[in-house]
């Protein structure tokens, strides 16, 4: 039986498959970013855009979801995608240093901004659409199934939020556990420090929308001495979101986990009508959205999009704090006060005392070692100023 015909018959087989692919070991050298923005008509930012408006503006760079069969990357390699609510995203190519990434993303962002501006479209600067728009623009089986499966929080996430993802190498075998743990332990503090979607009493309303989705799909993966096993078990216990089918409808029965699908039995039986394949399993992994997700590399998903060019600020903090084993160990110590306080960080931001202490300490540690990033001195100065401004803004709020 070829790999295309192979089926998964035991949950243990799926767990073994996931654990074997989730972390690629090697020296931690590369870094990437995915930058996402809401989009708006320059003349009337609250008005809805149409998919055709974005397709026309993006031209040859428009993605397949907008009807372009052969998308062309941006000049520095960034791929353009469009999310269900019309959010536009640049996915960078992996760079050998943060300085290289900054140069490439800055150039690609300028090209994207100019293309959209020519069509009267501007990028938003917050992690949540400030105009309350909640309409799905893209018509695709995956998005239709998601819309039917999700409640209002899920609809908000799909159509009105914009995040910043930083992607880092997993590291050598001995580094995976501490790097994985550090990204989780620092998460609440960095989420709060860079929260940029205030609404409804939340510092990060974007993260609140994720919290409103089934936690089996969005909660942090338990941190343990064996993160590959923890992720694999998390994945098979998570409910299916959708299953690709040739008939155009990808809906699945509610509450069916991937393990349920495997254990349902032989071909023709079970809730989906056929047994799952490794390809189905890998598709399922892409429908899970924890704050840190392993994809061979480490994908940090808990940051709101940042205004203008300030995406480099959280990126530099993260990259610096994971630059060496010594720095990572120290960062974990400083993160301890706020570790695990995900909900408080998203709701209260830096007003939460333990989270604030961790954020200030981690920011200070990173700012003292920014020279490790290779970024130009002027950019490093801008990063320090931006971090201090965020911390000072919170202190002003307290004194007021």
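For every residue, the table says whether it meets (1) over 23 Å from residue 345 (Cα atoms); (2) under 15 Å from the mean Cα position of the chain (by Cα).
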{"site": "88", "(1), (2)": "yes, yes"}
{"site": "105", "(1), (2)": "yes, no"}
{"site": "157", "(1), (2)": "no, yes"}
{"site": "183", "(1), (2)": "no, yes"}
{"site": "186", "(1), (2)": "no, no"}
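Among the listed residues 179, 142, 135, which satisfies the condition of being in contact with a helix residue (DSSP H, G or I) (Cβ under 7 Å, 6 or more places away or on another chain) and either surrounded by fewer than 20 Cβ atoms within 10 Å (Cβ to Cβ) or part of a loop (DSSP other than H, G, I, E, B) (or both)? Exactly one of 179, 142, 135 is in contact with a helix residue (DSSP H, G or I) (Cβ under 7 Å, 6 or more places away or on another chain) and either surrounded by fewer than 20 Cβ atoms within 10 Å (Cβ to Cβ) or part of a loop (DSSP other than H, G, I, E, B) (or both), namely 135.
Out of 355, 317, one residue alone is over 23 Å from residue 108 (Cα atoms), out of contact with any strand residue (DSSP E or B) (no Cβ under 8 Å at 6 or more places or on another chain), buried (at least 24 other Cβ atoms within 10 Å of the Cβ) and touching a residue at least 24 places away in the same chain (Cβ under 8 Å). It is 355. What is the number of the single condition among (1) surrounded by 15 or more Cβ atoms within 10 Å (Cβ to Cβ); (2) closer than 30 Å to residue 174 by Cα that residue 215 does not meet? Just one mismatch for residue 215, condition (1). For segment 340-352, the set of residues classified as at positive phi and surrounded by fewer than 23 Cβ atoms within 10 Å (Cβ to Cβ) consists of 340 only. Within segment 1-50, the set of residues being touching a strand residue (DSSP E or B) at 6+ places or on another chain (Cβ under 6 Å), farther than 30 Å from residue 130 by Cα and surrounded by fewer than 21 Cβ atoms within 10 Å (Cβ to Cβ) comprises 24 only.
Within segment 64-76, residues that are on the phi < 0 side of the Ramachandran plot and in contact (Cβ under 8 Å) with a residue 40 or more places away in the chain sit with their Cβ atoms under 7 Å from residues that are outside any helix (DSSP H, G or I) and surrounded by fewer than 16 Cβ atoms within 10 Å (Cβ to Cβ), at 6+ positions apart or across chains, in these pairs: 65/140.
Looking only at residues in segment 145-156 that are over 14 Å from residue 242 (Cβ atoms) and part of a helix (DSSP H, G or I), which one is modelled with the lowest pLDDT?
Taking segment 145-156 as the starting set, the residues that turn out to be over 14 Å from residue 242 (Cβ atoms) are 151-153, 155-156.
Now restrict to residues that are part of a helix (DSSP H, G or I): 152-153, 155-156.
Values: 152: 87, 153: 90, 155: 93, 156: 95.
Applying the filter and picking the extreme gives 152.
Per the conditions (1) crowded, with 16+ Cβ neighbours inside 10 Å; (2) modelled with pLDDT of 95 or more, the sole criterion not satisfied by residue 72 is (1).
Just to be sure, is residue 222 under 19 Å from the mean Cα position of the chain (by Cα) and free of Cβ contacts under 8 Å to residues at least 24 places away in the same chain?
Working: under 19 Å from the mean Cα position of the chain (by Cα): yes; free of Cβ contacts under 8 Å to residues at least 24 places away in the same chain: yes.
Yes; evaluated as a whole, the condition is true for this residue.
Determine whether residue 29 is part of a loop (DSSP other than H, G, I, E, B) and more than 30 Å from residue 380 (Cα to Cα). Working first, answer last.
On the way: part of a loop (DSSP other than H, G, I, E, B): yes; more than 30 Å from residue 380 (Cα to Cα): no.
So residue 29 does not fit the description; no.
Looking at 329, 371, 323, just one residue is surrounded by 17 or more Cβ atoms within 10 Å (Cβ to Cβ) and over 21 Å from residue 207 (Cβ atoms), and that residue is 323.
Answer yes or no as to whether residue 35 is farther than 30 Å from residue 373 by Cβ, at pLDDT 95 or above and within 26 Å of the chain's Cα centre (by Cα). Judged against the criteria, residue 35 is not a match.
From the list 59, 120, the lone residue that is touching a strand residue (DSSP E or B) at 6+ places or on another chain (Cβ under 8 Å) and surrounded by fewer than 16 Cβ atoms within 10 Å (Cβ to Cβ) is 120.
Checked against (1) within 29 Å of residue 388 (Cα to Cα); (2) surrounded by fewer than 20 Cβ atoms within 10 Å (Cβ to Cβ), residue 312 passes all but condition (2).
Of the residues screened, residue 86 is one that is on the phi > 0 side of the Ramachandran plot and crowded, with 20+ Cβ neighbours inside 10 Å.
The values are calculated or read from the model by the stated rules, or taken from the named source; none is laboratory data. Since we're looking at a predicted model, the values are computed, not measured. Here the Cβ is made from the backbone with ideal geometry for all residues, glycine too, and neighbour counts use every protein chain on show.
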